[in-house]
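Heads up: the structure comes next, in structure tokens.
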Amino acid sequence: MKNRLLLQAARGEPVDRPPVWFMRQAGRYQARYRALREKYTLMEIVRQPELSAMVTLWPVEELGVDGAILFSDIVVPLSSMGIGVDLREGVGPVVDPPLRTEGDLKRLRVLQPEEDVPYVLRAIDLLVKELEVPLIGFAGGPFTLASYLVEGGPSRSFLHLKTLMYREEALYRRLMDILAESIARYLLAQIHHGVHLVQLFDSWVGALSPEDYRRYVFPYTRKIADAVAAAGVPLIHFGVGTSSLLEAMAEAGGDVLGIDWREPLGRARGRLGSKVLQGNLDPAVLLAEKPFIQARVRALLEETGGKGHIVNLGHGVLPQTPPQALLWVVEEVHRFAERTGWV
């Protein structure tokens, strides 16, 4: 591997410049991805390792990013755990019927990665032979996956899941036990097949108060993080709208904490000390003109000095994003390193 910047930064080691990659760096903003989606559904791409590997490689070739994230979806394992998941265009994952009762929970079983998702692992096998940058594996976090299972799809209020938490805690905890075990197994299988670091996307956990996070999510995330740590691979821990949870999330585990645009990185650094941070441009910034984007990238890097910082967005690339906007971010990160004497 020629470029180890991302892996070194995730471990808190000195680097020649801040690494940069993007969540959802392969996707709808790319013309050739849109063309591919005219022939295949997302799940059809994921279930064909050669296609998944090809899509994973595209942004590395096009943008010169410092990491490749496996092309897949956080709900992919659920479809192999006894649950029907429909990825509906313009909606997101839909689970019908949802899991809300003791009887419903009997449908869910613990993931056996080698048997249940061999196509994901085969894609990793193909990628590690080709890539010159670290490969990022990933999984959905326990609260986020539980939200899709219990809500039946995307939600703003998480009313059904919170009702389960508050009124039927024993049932909720059995669900979370299954999810935590499955997520840990899934990440460890990816590590076994060669990914260099992993990201836990607990995207919707910001819906919880700090007290509820510690009671209802922390133990399960800690179990997953401990399993990854024992494997010796860095873990990026990410959520959206988590300003009130940062200390608890850092304590739950992970070498890197993903921060969204609502929390200034300078303030996050003050709260979290030496913890490596990832983020945190607002994805909508990339819809602006070039000078505005460049200024925002410079301001972002000046907050951290580029130290202990993996440059990324605060969430995924928007489908409307012009591809050149991502290139401008990468170029500005490189210029920052040159201007400040990193290289």
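The values are calculated or read from the model by the stated rules, or taken from the named source; none is laboratory data. Just so it is clear, the model here is predicted, and its values are computed rather than measured. For neighbour counting, all protein chains shown are included, and Cβ atoms are generated from backbone atoms with ideal geometry for every residue, glycine included.
Condition check ((1) assigned to a helix (DSSP H, G or I); (2) among the charged types (D, E, K, R)) across all residues:
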position: GLY279; (1), (2): no, no
position: ILE293; (1), (2): yes, no
position: ARG296; (1), (2): yes, yes
position: GLU302; (1), (2): yes, yes
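Exactly one of these conditions fails for VAL285: (1) at pLDDT below 95; (2) part of a helix (DSSP H, G or I). Give me its number. Evaluating VAL285 over (1) at pLDDT below 95; (2) part of a helix (DSSP H, G or I) leaves (1) as the failure. For first residues located in the stretch 110-136 and over 16 Å from ALA68 (Cα atoms) and at pLDDT 95 or above, partners that are assigned to a helix (DSSP H, G or I) and of a type in the set (S, T, N, Q) and lie 6+ apart or on another chain with Cβ distances below 6 Å form the pairs VAL110/SER182; LEU111/SER182; ASP116/SER80; VAL117/SER80. Of the residues making up the stretch 154-210, those that are of a type in the set (Ser, Thr, Tyr) and either surrounded by fewer than 22 Cβ atoms within 10 Å (Cβ to Cβ) or farther than 21 Å from ILE83 by Cβ (or both) are SER155, SER157, THR163, TYR166, TYR172, SER209.
For the criterion of being within 24 Å of GLY279 (Cβ to Cβ), assigned to a helix (DSSP H, G or I) and either at pLDDT 95 or above or out of contact with any Phe, Trp or Tyr (no Cβ under 7 Å at 6 or more places or on another chain) (or both), GLN190 passes.
Out of GLU50, GLU61, I need the residue that is in a helix (DSSP H, G or I), free of Cβ contacts under 8 Å to residues at least 12 places away in the same chain and not hydroxyl-bearing (Ser, Thr, Tyr). Which one?
Working: GLU50 fails: free of Cβ contacts under 8 Å to residues at least 12 places away in the same chain.
Of the residues listed, the single one that is in a helix (DSSP H, G or I), free of Cβ contacts under 8 Å to residues at least 12 places away in the same chain and not hydroxyl-bearing (Ser, Thr, Tyr) is GLU61.
Tallying residues that are aliphatic (A, V, I, L, M), outside any strand (DSSP E or B) and out of contact with any helix residue (DSSP H, G or I) (no Cβ under 8 Å at 6 or more places or on another chain) within the stretch 70-111 yields 1. Taking the stretch 137-156 as the range and being free of Cβ contacts under 8 Å to residues at least 40 places away in the same chain and assigned to a helix (DSSP H, G or I) as the test, only ALA146 passes. Here SER80 fulfils each of the conditions (1) loosely packed, with under 14 Cβ neighbours inside 10 Å; (2) at pLDDT below 95; (3) not aliphatic (A, V, I, L, M) apart from (1).
Within the stretch 235-256, the set of residues being out of contact with any strand residue (DSSP E or B) (no Cβ under 8 Å at 6 or more places or on another chain) and part of a loop (DSSP other than H, G, I, E, B) comprises VAL240, GLY241, THR242. Scanning the stretch 77-92 for residues that are farther than 12 Å from ALA146 by Cβ and either touching a strand residue (DSSP E or B) at 6+ places or on another chain (Cβ under 8 Å) or of a type in the set (Ser, Thr, Tyr) (or both) yields a count of 8.
Kindly list the number of the only condition in (1) free of Cβ contacts under 8 Å to residues at least 12 places away in the same chain; (2) within 21 Å of the chain's Cα centre (by Cα) that fails for GLY239. Among (1) free of Cβ contacts under 8 Å to residues at least 12 places away in the same chain; (2) within 21 Å of the chain's Cα centre (by Cα), GLY239 violates only (1).
Residue by residue through the stretch 1-17, note down the ones that are in contact (Cβ under 8 Å) with a residue 40 or more places away in the chain, assigned to a loop (DSSP other than H, G, I, E, B) and over 17 Å from VAL128 (Cβ atoms).
The answer is ARG11, GLY12, ASP16, ARG17.
Restricting the stretch 288-319 to residues that are modelled with pLDDT under 95 and in contact with a strand residue (DSSP E or B) (Cβ under 9 Å, 6 or more places away or on another chain), the residue that is farthest from PRO19 (Cα to Cα) is GLU303.
When only residues in the stretch 302-314 that are surrounded by 22 or more Cβ atoms within 10 Å (Cβ to Cβ) and in contact with a Pro (Cβ under 8 Å, 6 or more places away or on another chain) count, which is nearest to SER274 (Cα to Cα)? Walk me through it before giving the result.
Step one: of the stretch 302-314, the residues surrounded by 22 or more Cβ atoms within 10 Å (Cβ to Cβ) are 309-314.
From what is left, the residues that are in contact with a Pro (Cβ under 8 Å, 6 or more places away or on another chain) are 309-311, 313-314.
On the way: HIS309: 10, ILE310: 13, VAL311: 16, LEU313: 20, GLY314: 20 Å.
Among them, the one singled out is HIS309.
Tell me whether the stretch 316-335 contains one or more residues that are of a type in the set (A, V, I, L, M), in contact with a Gly (Cβ under 9 Å, 6 or more places away or on another chain) and closer than 20 Å to ALA207 by Cα. For the stretch 316-335, residues of a type in the set (A, V, I, L, M), in contact with a Gly (Cβ under 9 Å, 6 or more places away or on another chain) and closer than 20 Å to ALA207 by Cα: absent. When TRP261 is tested against (1) part of a loop (DSSP other than H, G, I, E, B); (2) surrounded by fewer than 17 Cβ atoms within 10 Å (Cβ to Cβ), just one condition goes unmet, and that condition is (2). Within this structure, SER274 fails the test of being surrounded by fewer than 21 Cβ atoms within 10 Å (Cβ to Cβ), small (Gly, Ala, Ser), farther than 17 Å from GLN199 by Cβ and free of Cβ contacts under 8 Å to residues at least 40 places away in the same chain. Here SER274 fulfils each of the conditions (1) farther than 23 Å from GLU211 by Cα; (2) polar (S, T, N, Q); (3) modelled with pLDDT of 95 or more apart from (3).
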